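What follows is a set of notes on a single structure, which appears directly below.
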Amino acid sequence: MPAGPSADLIAGLRLVDGHCHSILAAPLDANGFEMHATEATVPAPPGVSYLDGAAGLAIRRWCAPVLEVPPGRPIAEYLSRRQELGVEEVNRRLLQAAGLSHLLVDTGLAGPHLLPPAQLGALAGAEVGEVVRLEAVAEKLAAEDVSAAGFASAYRDSVARAAEGAMAVKSILAYRGGFDFELGPPDLAEVRTAAGHWLAIDRPVRMDDPVLLRFLLWCGVEQGLPIQIHTGLGDRELMLCRADPSLLQPFLAATEPVGVPVVLLHCYPYHRQAGWLAQVYSHVHVDFGLTVTQVGARADAVLEEFFELAPFGKLMFSTDGYALPELYLAGAAQFRHSLAALLDGWVADGVVAADEARRLALAVGSENARRVYRL
Ligand SMILES: [Zn+2]
C-alpha cells in the first residue's frame, strides 16, 4: 500500500504509551525470546513456534530494519543479529525507534531482571509516569504482617501513598476471578472477615479473595486518578469469558457519578463491546495496547472495529510492552501503519477531510491520553 498523507504526519507524531511495563536487562536465548513474544506460557509443541504467527511477523517487519536485518528474513537471522548487538544496544535502538513521548509504567509487575522505570524512560527518550497496581499494594502489605482488623485502614494508607504522584491506578481483577460477580463496595465487617481468611494463607499470598478484590477496586476509585482495568486477552491465567468488559456494566454504572475515568485496557476480542461501553458511559475510555501488537497486520481491520462505536476522544494508544523492546516498537509501528491506513481510506472516501484526519491522529496517538492522565 502506498504511504498516504496521514502516514507522514503519524510517522512524526510522538506517541503517549498509556500502559506498559518494563523490559528485561538480561540477554535472552531464542527460547526465552519466543516465550516473551506472545501470551503463551507453556512451550509450543514440536513443529510449532509462537514466533510463526501474527506477532512474530510484526516483530520481523517493524524491528528487523532497526537492527539492520532486511525485513522478511527468517526469525533465526533476526535473533542472531540481536545476540551480536547485545541487549543494551538492542534495547536502546528499538525503544528509540518507537517514538514515544511518555511511558506510563505499571510498576506492579516487578522482577529482578526488569529495568527500573527511570532507566526504561532514559533508553526510550521518554518521560515516565507510574501506574499503581492495586493488587500488588495489598500483597506487599501482607508480606509486612498486617492484622485482619488493621487491613482496611493499612491498605487505604498504602494505596494513597503509592498513588501520590502516580498517573493512574490499575486493576487486574480479570486475572483474579473475572468480572461476573458482585462488584459493589463491601462493608468493613466483610473486609475484616475476608482479610482474616486471606492473611491466614501461607506466604507469599496472592490477592484473589473476592471481597478484598472489590475493596481494592473501590479504594482505587477513591484515589481520584484514572483507573485502568485489564479486560480481554492476556495469558491463560485469566478466564477469557469472565474478562469481557461488558460484564463490568454494574460497576461502570456505579462509578460514573464519581467522575474518575475508567480506561479499559486491551479489550480484544471484546473490543466492540468496549466501544459500546465507551459510547454509553461518559467516563469509559478504551486502550488498544497489546491487541495491536498481537494481531499484527490484522490491526488494520481490528483498529477499524475500535473506531466503530467509541467516541474518538475516548480511544487511546498504548503498547502494553513488557520484557522485550520489540513489543514497544512493533506495537507503535503497527499502530502508526494501521491508523494511517484507516485515516487515508477515510480521506479518500470523503468520510473526513485531511485536516480532520490530522486531528484524529493527534487525539488518538497523544492528546486523549494527555487529557485523561493529565500529562
Ligand atoms: Zn499490561
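The values are calculated or read from the model by the stated rules, or taken from the named source; none is laboratory data. Predicted, not measured: the structure shown is a model, and the values here were computed from it. Note that each Cβ is placed from the backbone with ideal geometry, even for glycine, and that neighbours are counted across all protein chains shown. Note: areas computed on protein heavy atoms with side chains; ligands, DNA, RNA excluded. Shrake-Rupley method; radii C 1.70, N 1.55, O 1.52, S 1.80 Å.
How many residues are away from the ligand (no atom under 11 Å from the Cβ) and open to solvent by 10 Å² or more (accessible area, probe 1.4 Å) if we restrict to the range 314-328?
Summing the residues that are away from the ligand (no atom under 11 Å from the Cβ) and open to solvent by 10 Å² or more (accessible area, probe 1.4 Å) in the range 314-328 gives 1.
Could you identify the single residue in A122, A166, A154, A142 that is over 22 Å from P250 (Cβ atoms), touching a residue at least 24 places away in the same chain (Cβ under 8 Å) and either open to solvent by 30 Å² or more (accessible area, probe 1.4 Å) or not in a loop (DSSP other than H, G, I, E, B) (or both)? Let's see the steps before the verdict.
Details: A122 fails: touching a residue at least 24 places away in the same chain (Cβ under 8 Å); A166 fails: either open to solvent by 30 Å² or more (accessible area, probe 1.4 Å) or not in a loop (DSSP other than H, G, I, E, B) (or both); A154 fails: touching a residue at least 24 places away in the same chain (Cβ under 8 Å).
Among A122, A166, A154, A142, only A142 is over 22 Å from P250 (Cβ atoms), touching a residue at least 24 places away in the same chain (Cβ under 8 Å) and either open to solvent by 30 Å² or more (accessible area, probe 1.4 Å) or not in a loop (DSSP other than H, G, I, E, B) (or both).
In the range 216-241, which residues are open to solvent by less than 10 Å² (accessible area, probe 1.4 Å) and either away from the ligand (no atom under 14 Å from the Cβ) or free of Cβ contacts under 8 Å to residues at least 60 places away in the same chain (or both)?
L216, L217, C219, G220, V221, P226, I227, I229, T231, G232
For a quick check of your reading of the model, give me the residue pairs whose first member lies in the range 242-256 and is under 14 Å from H285 (Cα atoms), whose second is part of a helix (DSSP H, G or I), with beta-carbon atoms closer than 7 Å and at least 6 apart or on different chains.
P245/Q273; P245/A274; P245/L277; S246/Q273; S246/L277; L252/L277; T255/V221
So, A341, is that one more than 16 Å from the ligand (Cβ to nearest atom), under 16 Å from V295 (Cβ atoms) and touching a Gly at 6+ places or on another chain (Cβ under 9 Å) or not? Walk me through how you get there before you give the answer.
Numbers: more than 16 Å from the ligand (Cβ to nearest atom): yes; under 16 Å from V295 (Cβ atoms): yes; touching a Gly at 6+ places or on another chain (Cβ under 9 Å): yes.
Yes, satisfied.
So how many residues does the range 19-32 have that are in contact (Cβ under 8 Å) with a residue 60 or more places away in the chain, in contact with a Leu (Cβ under 6 Å, 6 or more places away or on another chain) and either away from the ligand (no atom under 16 Å from the Cβ) or open to solvent by 50 Å² or more (accessible area, probe 1.4 Å) (or both)?
1
Given the conditions (1) surrounded by fewer than 18 Cβ atoms within 10 Å (Cβ to Cβ); (2) farther than 28 Å from L339 by Cα; (3) out of contact with any Lys or Arg (no Cβ under 7 Å at 6 or more places or on another chain), which single one is not true for R82?
So R82 meets the others, but not (1).
Are any of the residues in the range 241-264 in contact with a Ser or Thr (Cβ under 6 Å, 6 or more places away or on another chain), more than 22 Å from A357 (Cα to Cα) and not in a helix (DSSP H, G or I)?
Yes - at least one qualifying residue is present in the range 241-264.
Condition check: among the β-branched types (V, I, T) and in contact with a His (Cβ under 9 Å, 6 or more places away or on another chain). Does V372 satisfy that?
Numbers: among the β-branched types (V, I, T): yes; in contact with a His (Cβ under 9 Å, 6 or more places away or on another chain): yes.
It is true that V372 is among the β-branched types (V, I, T) and in contact with a His (Cβ under 9 Å, 6 or more places away or on another chain).
Kindly provide the set of residues from the range 134-157 that are polar (S, T, N, Q) and either over 15 Å from W218 (Cβ atoms) or in contact with a strand residue (DSSP E or B) (Cβ under 8 Å, 6 or more places away or on another chain) (or both), ordered by number.
The first filter runs over the range 134-157 and keeps only residues polar (S, T, N, Q), leaving 147, 153.
Scanning the range 134-157 gives a single hit, S147.
In the list A97, A118, A126, A122, which residue meets the criterion of being within 19 Å of M167 (Cα to Cα), more than 16 Å from the ligand (Cβ to nearest atom) and in contact with a Leu (Cβ under 6 Å, 6 or more places away or on another chain)?
On the way: A97 fails: within 19 Å of M167 (Cα to Cα); A118 fails: in contact with a Leu (Cβ under 6 Å, 6 or more places away or on another chain); A122 fails: in contact with a Leu (Cβ under 6 Å, 6 or more places away or on another chain).
When all the criteria are applied, what remains is A126.
Across the range 345-355, which residue is most open to solvent (accessible area, probe 1.4 Å) among those that are modelled with pLDDT of 95 or more and not hydrophobic (A, V, I, L, M, F, W, C)?
D349
Please go through the range 279-301 and pick out each residue that is closer than 20 Å to S366 by Cβ and either open to solvent by 20 Å² or more (accessible area, probe 1.4 Å) or in a helix (DSSP H, G or I) (or both).
Within the range 279-301, T291, V292, T293, A299 meet the criteria.
Out of L217, L248, L240, L290, I need the residue that is modelled with pLDDT of 95 or more and either of a type in the set (K, R) or touching a His at 6+ places or on another chain (Cβ under 9 Å) (or both). Which one? It would help to see each step written out before you state the result.
Details: L217 fails: either of a type in the set (K, R) or touching a His at 6+ places or on another chain (Cβ under 9 Å) (or both); L248 fails: either of a type in the set (K, R) or touching a His at 6+ places or on another chain (Cβ under 9 Å) (or both); L240 fails: either of a type in the set (K, R) or touching a His at 6+ places or on another chain (Cβ under 9 Å) (or both).
Answer to the check: L290.
Scan the range 357-368 and tell me whether some residue there is open to solvent by less than 40 Å² (accessible area, probe 1.4 Å), in contact with a strand residue (DSSP E or B) (Cβ under 8 Å, 6 or more places away or on another chain) and either part of a strand (DSSP E or B) or farther than 29 Å from R133 by Cβ (or both).
First, the residues of the range 357-368 that are open to solvent by less than 40 Å² (accessible area, probe 1.4 Å): 357, 360-361, 363-366, 368.
From the residues that got through so far, the ones that are in contact with a strand residue (DSSP E or B) (Cβ under 8 Å, 6 or more places away or on another chain) too are 363-366, 368.
From the residues that got through so far, the ones that are either part of a strand (DSSP E or B) or farther than 29 Å from R133 by Cβ (or both) too are none.
The answer is no, given that none of the residues of the range 357-368 is open to solvent by less than 40 Å² (accessible area, probe 1.4 Å), in contact with a strand residue (DSSP E or B) (Cβ under 8 Å, 6 or more places away or on another chain) and either part of a strand (DSSP E or B) or farther than 29 Å from R133 by Cβ (or both).
Quick one: count up the residues across the range 194-211 that are part of a loop (DSSP other than H, G, I, E, B) and over 15 Å from I172 (Cα atoms).
Of the residues in the range 194-211, 6 are part of a loop (DSSP other than H, G, I, E, B) and over 15 Å from I172 (Cα atoms).
Listed residues P210, P269, P257, P311; which is open to solvent by 50 Å² or more (accessible area, probe 1.4 Å), under 16 Å from the mean Cα position of the chain (by Cα) and away from the ligand (no atom under 16 Å from the Cβ)?
Details: P210 fails: under 16 Å from the mean Cα position of the chain (by Cα); P257 fails: under 16 Å from the mean Cα position of the chain (by Cα); P311 fails: under 16 Å from the mean Cα position of the chain (by Cα).
Of P210, P269, P257, P311, the one residue that is open to solvent by 50 Å² or more (accessible area, probe 1.4 Å), under 16 Å from the mean Cα position of the chain (by Cα) and away from the ligand (no atom under 16 Å from the Cβ) is P269.
If you check V286, V295, V351, which single one turns out to be β-branched (V, I, T) and over 15 Å from the mean Cα position of the chain (by Cα)? Walk me through how you get there before you give the answer.
Values: V286 fails: over 15 Å from the mean Cα position of the chain (by Cα); V295 fails: over 15 Å from the mean Cα position of the chain (by Cα).
Among V286, V295, V351, only V351 is β-branched (V, I, T) and over 15 Å from the mean Cα position of the chain (by Cα).
Name the helices (runs of 4 or more DSSP H) wholly within the range 1-118 that hold at least 1 residues that are within 30 Å of L134 (Cβ to Cβ)?
Details: elements: 5-11, 30-37, 54-63, 75-85, 87-97.
Where helices (runs of 4 or more DSSP H) fall fully within the range 1-118 and carry at least 1 residues being within 30 Å of L134 (Cβ to Cβ), they are 30-37, 54-63, 87-97.
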